[in-house]
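Heads up: the structure comes next, in structure tokens.
The values are calculated or read from the model by the stated rules, or taken from the named source; none is laboratory data. Small disclaimer: the values here were computed from a predicted structure and weren't measured. When we count neighbours, we look across all protein chains shown, and the Cβ atoms used for this are built from the backbone with ideal geometry, even at glycine. In case anyone asks, the SASA skips ligands and DNA or RNA and just uses the protein heavy atoms, side chains included. Shrake-Rupley method; radii C 1.70, N 1.55, O 1.52, S 1.80 Å.
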Amino acid sequence: MSREQALARISEYFGSGEFFDDLARRIAIRTESQEPERRAELYRYLTDEIIPCVELLGFTCELYENTVAHGGPFLVATRREGSERPSVMGYGHGDVVRGYDDQWHEGLNPWVLQKRGARWYGRGSADNKGQHTINLAAMKAVLEERGELGFNAVLLFETGEEMGSPGLREFCAANQSLFEADVFIASDGPRLAPDKPTVFMGSRGVLNFELVVDLRDGSHHSGNWGGLLANPGIILAQAIASLTSPTGEILVPEWRPPAIPGSVRNAIAELQIDGGENAPEIDPHWGEPELTPAEKVFSWNSFEVLTFKTGNPENPVNAIPPRASAHCHIRYVVPCRQDEFLPGLRRHLDARGFDMVDIVPDPGHMAATRLDPDHPWARWAIASINATAGLETAVLPNLGGSLPNDVFAELLGLPTIWVPHSYASCAQHAPNEHILESVSEQALRIMTGLFWDLGGPGTPV
Ligand SMILES: [Zn+2]
């Protein structure tokens, strides 16, 4: 038995079409957690797909109900080989965003995994079914080759990540003893570039909120009342305009991080943002001046207006609308704190006379986390991936996107290592979500090598 043979096993799993088949079955289960009528599918994904798969690997499974009413179930799968061995916690989410079935390219169906050229299309292929299918298969290859994993493993699957992980924090807090481990290793999100193996050790936080200007009941004819009644759309536009410069530089003091730490700056100094084929062109003039594109995404905060509505955009009429609203959000890095953002916004708006703008926070929020790129577990994982891929791994102190990583990093106190298997233009959360065949094949090998090494000498426990 050898590392090489374990890698040969996983290449065979990919080459024989078994990986495609495993993923296709999982994609076919419509686990749209934002649709209440799909609730049974969330259970079915765990009971019909994940439980049989991990039970074959000798894991003991337990399904837990969510204590938050609209939240989906949790699955905890455990395999223990001995207290002297290292313990890893893994994670995946079985739910996906809505299919938007009629918006995909001609002939594609979000619920049927389909290969077109170098791409495999299907809802959840990138986020997150493809990624955890890769990791489960890699564990299987190690187990088959070695006869044992060589480490203890506890895997947590949730089914509400696309709703902001309701109940995840409460569940982990109430069951902390289940998740005692030396390291957390999981996969989600994009690589820095399609052909660049990547690790990230935390994520930006995200805070969503709505701004509302609600002035009166009903619309009023603009010929009779225009110039007499304040227009909520104009007020809200002005309020939003005060939050950034015309080129998106954040102007609210509480929304700006302190200077970028040297270790973070060094880690990302050489990074190039490459979204792959079909990636949008970066607007160099946008955002914080003086920062590189990588610094803007990995070490700074960003503010976005997600929607803006006043009146009836589909059917404009000559009237002053009563109300305007905008969904907005902030992505932010360590050490910024979410609880300072909205009070800061309130002060900013009030100081400019916008006290009629209401701030409505969204429930569900993810805090920012970051692990030092020089942490022993980070160094260990990077060395393992470099050895398998024969390439230098890109190291991100944190991801630009957001994950419920604060639950694992802060609440459970684990060093968190994320090894993403997707890429920035994978269209996750949009029609035409896909993974790249070449990246998936390489990712299967990388994870097999990583789990092989976790069961061998040289781990930092
Ligand atoms: Zn997602």
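Over all Cα atoms in the chain, the spread is summed up by Rg and Dmax: 23.5, 85 Å. Protein-only accessible surface at a 1.4 angstrom probe places the residues SER2, SER440, SER177 in the order SER177, SER2, SER440, largest first. With a cut-off of 13 Å on the backbone N, the residues of the range 418-439 near the modelled label site 7 Å out from GLN103 along Cα-Cβ are 427-433. Accessible area ranking (1.4 Å probe, heavy atoms, ligands and nucleic acids excluded), largest first, for ARG116, ARG379, ARG216: ARG379, ARG116, ARG216.
Modelled spin-label separation between GLU81 and GLU270, with each label point placed 7 Å from Cα along the Cα-to-Cβ direction: 3.3 nm. Lysine pair count for the chain (Cα-Cα distance under 23 Å; residues 8 or more apart in sequence or on different chains): 5.
Hey, if you put +1 on the Cβ of every Lys and Arg and -1 on every Asp and Glu Cβ in the range 1-50, which of ILE29, TYR13, THR47 ends up farthest toward the positive end of that dipole? Positive-end residue among those listed: THR47. Entry note: the range 221-356 has Rg to Rh equal to 1.07, where both radii use alpha-carbon atoms and Rh is the Kirkwood radius. Close amide H partners of SER422, meaning residues 5 or more places away or on another chain with modelled amide H under 5 Å apart, are ARG191. Summed over the residues of the chain and divided among them, the accessible surface reaches 42 Å² per residue at a probe radius of 1.4 Å.
DSSP beta bridges in the chain, what fraction antiparallel, as a percent rounded to 5? In the chain, approximately 70 percent of DSSP beta bridges are antiparallel ones.
Counting every Cα pair in the range 89-166, what percent are over 18 Å apart? Pairs farther apart than 18 Å: 54 percent. Compactness check for the range 47-187: Cα Rg over 2.2 N^0.38 Å is 1.15. Entry note: the range 243-284 has Rg to Rh equal to 1.07, where both radii use alpha-carbon atoms and Rh is the Kirkwood radius. Its convex hull of Cα atoms gives the range 153-253 a direction-averaged projected area, equal to a quarter of the hull surface, of 13.2 nm². Were the residues from ALA230 through ASP350 laid out at 0.36 nm apart, the gain over their Cα-Cα distance would be 41.4 nm. The mean sequence distance of close C-alpha pairs (under 8 Å, at least 6 residues apart), as a share of the length of the chain, puts its relative contact order at 26 percent. Residue-wise HN-Hα couplings along the range 326-336, as the Karplus relation 6.51 cos²θ - 1.76 cosθ + 1.60 with θ = phi - 60° gives them from phi, are 9, 8, 9, 8, 10, 9, 8, 10, 4, x, 5 Hz; Gly and Pro carry x.
The length gained by stretching the chain between LEU215 and LYS115 to full extension, at 0.36 nm per residue less their Cα-Cα distance, is 30.8 nm. Ellipticity at 222 nm from helices only: DSSP H runs of n ≥ 4 in the chain, each -39500 (n - 2.57), divided by the residue count, give -8500 deg cm²/dmol. Of the solvent-accessible surface of the chain, computed with a 1.4 Å probe over protein heavy atoms with every protein chain present, carbon and sulfur atoms account for 51 percent. Were the residues from ASN386 through GLU12 laid out at 0.36 nm apart, the gain over their Cα-Cα distance would be 132.5 nm. P(r) for the range 49-104, from all Cα pairs and a bin width of 10 Å, is 17, 39, 27, 14, 3, 0 %, short bins first. Across THR198, THR244, the residue with the most accessible area heads the list, and the full order at a 1.4 Å probe is THR244, THR198.
Placing a pseudo-label 7 Å from each Cα along the Cα-to-Cβ vector at GLU62 and ALA40 gives an inter-label distance of 2.8 nm. For ALA394, the amide hydrogen comes within under 5 Å of the amide hydrogens of THR198, VAL199, counting only partners 5 or more places away or on other chains and with H modelled in the peptide plane.
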